[in-house]
Amino acid sequence: GAIMAADDTAVLAASMTTARVPDTETFDTRAIQELDAAHFLHPFTDHAALRDKGVRVIVRGQGVHLWDSDGKQLIDGMSGLWCVNVGYGRTSISQAVYRQMETLPFYNSFFNTTNVPAVQLAAELVALAPPQFSHVFFTGSGSEANDTIVRMVRRYWDILGQPERQVIISRKNAYHGSTMAGASLGGMAGMHAQGGLPIPGIRHIEQPNYAELGAGLSENAFGLVAAAWLEEEILALGADKVAAFIGEPVQGAGGVIIPPATYWPEVQRICDKYGILLVADEVICGFGRLGTWFGSELMGMRPDLISFAKGVTSGYVPLGGVLVGKRVAHALVEQGGDFNHGFTYSGHPVACAAALENLRILKGERLVEKVALETGPHLKAAFNHLATHPLVGHAESCGMVAGLNLVRAKGATVHECERFDPALGVGMVCRGHMFDNGVIMRAVGERMIVAPPLVMTKAEIDEMAGKIWDCLDLTLADLKARGWM
Ligand code: PXG
């Protein structure tokens with residue numbers, strides 16, 4: 001195009017001739033890397049550093065495996081980005097998408113119109129959701145779903161004649177997306193520092209992170225303490241100012257933080273006591289990740305609203321949305337008149353067709369039950385074994401998410417381990433060894449995490465865990481060579 005520098009044209013031509021078929025033998029990695037560095041701004045990326053290292057080019061996926069442009073095979077411990085729940089290479093999804101594109105690639109759902117896949121998907125989602133849900137609002141992503149929630153809960157209290165109920169309470173270290181409202185709901189200090197966030201009317205309390213904040217308490221006692229921080233915040237603000245509390249059932253991007261069993265039931269009790277809406281951000285936990293269709297079911301939450309995305313289509317095409325409980329739906333539908341909110345792609349027929357086929361696979365292959373009864377327990381056993389590695393302080397899992405902490409020295413309890421200086425970036429060193437040796441794992445500080453596709457078999461979990469152990473050995477040797485241990 002016009003904005004491309006002239007000297008890129010030859011590079012582009014080279015990449016096109018070799019890249020048309022993403023074949024691992026003939027792919028011109030260098031050309032793609034150059035074009036990438038010249039033109040592609042990546043999410044959450046230091047571009048000068050990326051250009052120096054050279055970006056990795058992923059070209060193909062099948063099952064739980066990926067291949068890069070050098071032909072290297074990787075086991076994907078992260079389901080793409082917490083989303084490819086049914087694994088790569090599902091022909092029935094690509095066929096459903098193709099058929100829908102041939103029939104009706106797009107039509108809007110604004111002006112007295114609808115489309116068949118969107119209606120069918122709304123009904124299907126309500127059938128899968130806990131009984132208090134009746135309606136769905138579709139978006140294109142999880143961030144848009146959470147933006148929708150901010151507008152919807154404030155609209156709800158307007159309709160009820162309590163417009164002063166504006167404040168939404170969230171948690172530090174939460175991740176709720178990258179749009180203005182999503183990043184504001186999120187509790188990432190590094191995000192708030194860029195762009196004048198949070199927006200007004202968002203408050204953050206401490207997270208139920210036992211390893212960080214629970215020293216001297218049992219896990220269950222700490223869960224009640226962490227829930228009480230919500231009540232303190234409500235009382236400090238005045239309950240008549242508080243619209244909603246939002247949280248991920250299990251925090252994902254924050255480092256797979258699994259709350260004590262006592263936490264969510266107590267949060268639910270507090271929300272009920274003050275009439276505050278409870279919102280579950282199920283963008284990661286939804287669609288079987290924890291061995292239940294929605295993480296709130298496992299955690300003893302009875303949310304009024306659920307945001308979802310990712311696993312609803314297994315990431316094959318973008319789709320998100322908000323499941324709306326009867327309490328809010330009644331106000332919106334029966335009393336509210338127009339809700340002045342919506343996206344061009346709300347109820348996109350192609351995305352909805354992909355979701356319908358994805359849900360059919362999840363049900364047909366009983367993947368949610370498998371996570372609960374077979375693969376989730378197997379992953380837990382594998383991480384319990386990894387916890388015996390000298391570099392690992394403790395490890396936890398829940399369904400198909402798991403995390404372990406890298407420590408300088410083990411301790412008798414999670415609170416007595418000797419930790420690394422966060423400035424060293426030990427997690428990133430470990431992540432590098434993982435990738436170099438064919439396993440994709442996320443690093444959040446010194447916490448190493450996985451969220452594998454729900455189709456990962458026990459044998460593949462063993463393959464992944466074996467590689468993780470070997471890479472922990474390599475990391476340990478590397479850290480010693482650097483003089484960090
Ligand atoms: N809520 C939660 C709980 C999420 O995990 C979003 C909302 C936003 O969804 P969209 O579709 O707008 O990205 C997410 C996204 C990471 C990472 O580093 C996690 C996410 C996104 C990007 C990176 O683990 N989760």
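The values are calculated or read from the model by the stated rules, or taken from the named source; none is laboratory data. Quick caveat, the model's predicted, so the values are computed rather than measured. Please note: Cβ atoms are built from the backbone with ideal geometry, for glycine as well, and neighbour counts cover all protein chains shown. Keep in mind that these areas ignore ligands, DNA and RNA; they rest on the heavy atoms of the full protein, side chains included. Shrake-Rupley method; radii C 1.70, N 1.55, O 1.52, S 1.80 Å.
Mind telling me which of the residues GLY195, GLY187 ends up being in contact with a helix residue (DSSP H, G or I) (Cβ under 8 Å, 6 or more places away or on another chain), within 16 Å of the ligand (Cβ to nearest atom), open to solvent by 10 Å² or more (accessible area, probe 1.4 Å) and not β-branched (Val, Ile, Thr)?
Numbers: GLY187 fails: in contact with a helix residue (DSSP H, G or I) (Cβ under 8 Å, 6 or more places away or on another chain).
Exactly one residue qualifies, and that residue is GLY195.
Taking region 291-319 as the search range and keeping residues that are aromatic (Phe, Trp, Tyr) and in contact with a Leu (Cβ under 7 Å, 6 or more places away or on another chain), which one is most open to solvent (accessible area, probe 1.4 Å)?
TRP293
Out of SER143, SER184, report the one residue that is over 20 Å from PRO318 (Cα atoms) and of a type in the set (Ser, Thr, Tyr).
So the residue among SER143, SER184 that is over 20 Å from PRO318 (Cα atoms) and of a type in the set (Ser, Thr, Tyr) is SER184.
Across region 290-300, what is the total count of residues that are within 14 Å of the ligand (Cβ to nearest atom) and outside any helix (DSSP H, G or I)?
Going through region 290-300 one residue at a time, the tally reaches 2.
Yes or no: region 242-258 includes at least one residue that is more than 21 Å from ARG447 (Cα to Cα) and open to solvent by 60 Å² or more (accessible area, probe 1.4 Å).
Scanning region 242-258 turns up no residue that is more than 21 Å from ARG447 (Cα to Cα) and open to solvent by 60 Å² or more (accessible area, probe 1.4 Å).
Find the residue count for region 272-317, including only residues that are over 20 Å from LEU121 (Cα atoms) and either at pLDDT below 95 or among the basic types (Lys, Arg) (or both).
Looking only at that region, the number is 2.
Residues to consider are GLU418, GLU463; find the one that is out of contact with any helix residue (DSSP H, G or I) (no Cβ under 6 Å at 6 or more places or on another chain), closer than 16 Å to VAL64 by Cβ, surrounded by fewer than 21 Cβ atoms within 10 Å (Cβ to Cβ) and at pLDDT 95 or above.
The match here is GLU463.
Residue-wise test of (1) outside any helix (DSSP H, G or I); (2) touching a strand residue (DSSP E or B) at 6+ places or on another chain (Cβ under 6 Å); (3) within 16 Å of the ligand (Cβ to nearest atom).
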residue	(1), (2), (3)
SER307	yes, yes, yes
SER314	yes, no, yes
VAL324	yes, yes, no
LEU332	no, no, no
ASP338	yes, no, no
HIS341	yes, no, no
TYR345	yes, no, yes
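More than 20 Å from the chain's Cα centre (by Cα) and either crowded, with 22+ Cβ neighbours inside 10 Å or within 16 Å of the ligand (Cβ to nearest atom) (or both): does that describe ILE440? Give the derivation first.
Values: more than 20 Å from the chain's Cα centre (by Cα): no; either crowded, with 22+ Cβ neighbours inside 10 Å or within 16 Å of the ligand (Cβ to nearest atom) (or both): yes.
Here the answer is no, as ILE440 does not meet what is asked.
Any chance region 275-289 includes a residue that's open to solvent by 10 Å² or more (accessible area, probe 1.4 Å), at negative phi and assigned to a helix (DSSP H, G or I)?
no
From the residues in region 198-220 that are of a type in the set (Gly, Ala, Ser) and either within 12 Å of the ligand (Cβ to nearest atom) or in a loop (DSSP other than H, G, I, E, B) (or both), which one is surrounded by the most Cβ atoms within 10 Å (Cβ to Cβ)?
Out of the qualifying residues, it is GLY214.
On the basis of being open to solvent by less than 50 Å² (accessible area, probe 1.4 Å), within 16 Å of the ligand (Cβ to nearest atom) and touching a strand residue (DSSP E or B) at 6+ places or on another chain (Cβ under 8 Å), does THR179 make the cut?
Details: open to solvent by less than 50 Å² (accessible area, probe 1.4 Å): yes; within 16 Å of the ligand (Cβ to nearest atom): yes; touching a strand residue (DSSP E or B) at 6+ places or on another chain (Cβ under 8 Å): no.
No: the conditions fail for THR179.
Looking only at region 343-370, how many residues end up being of a type in the set (Gly, Ala, Ser) and in contact with a Lys or Arg (Cβ under 8 Å, 6 or more places away or on another chain)? Steps first, please.
Pass one, region 343-370, residues of a type in the set (Gly, Ala, Ser): 346-347, 351, 353-355, 364.
Those still in the list that are in contact with a Lys or Arg (Cβ under 8 Å, 6 or more places away or on another chain) too: 353.
The total comes to 1.
Without any contact (Cβ under 8 Å) to a residue 24 or more places away in the chain and at negative phi: is that true of ALA226 in this structure?
no
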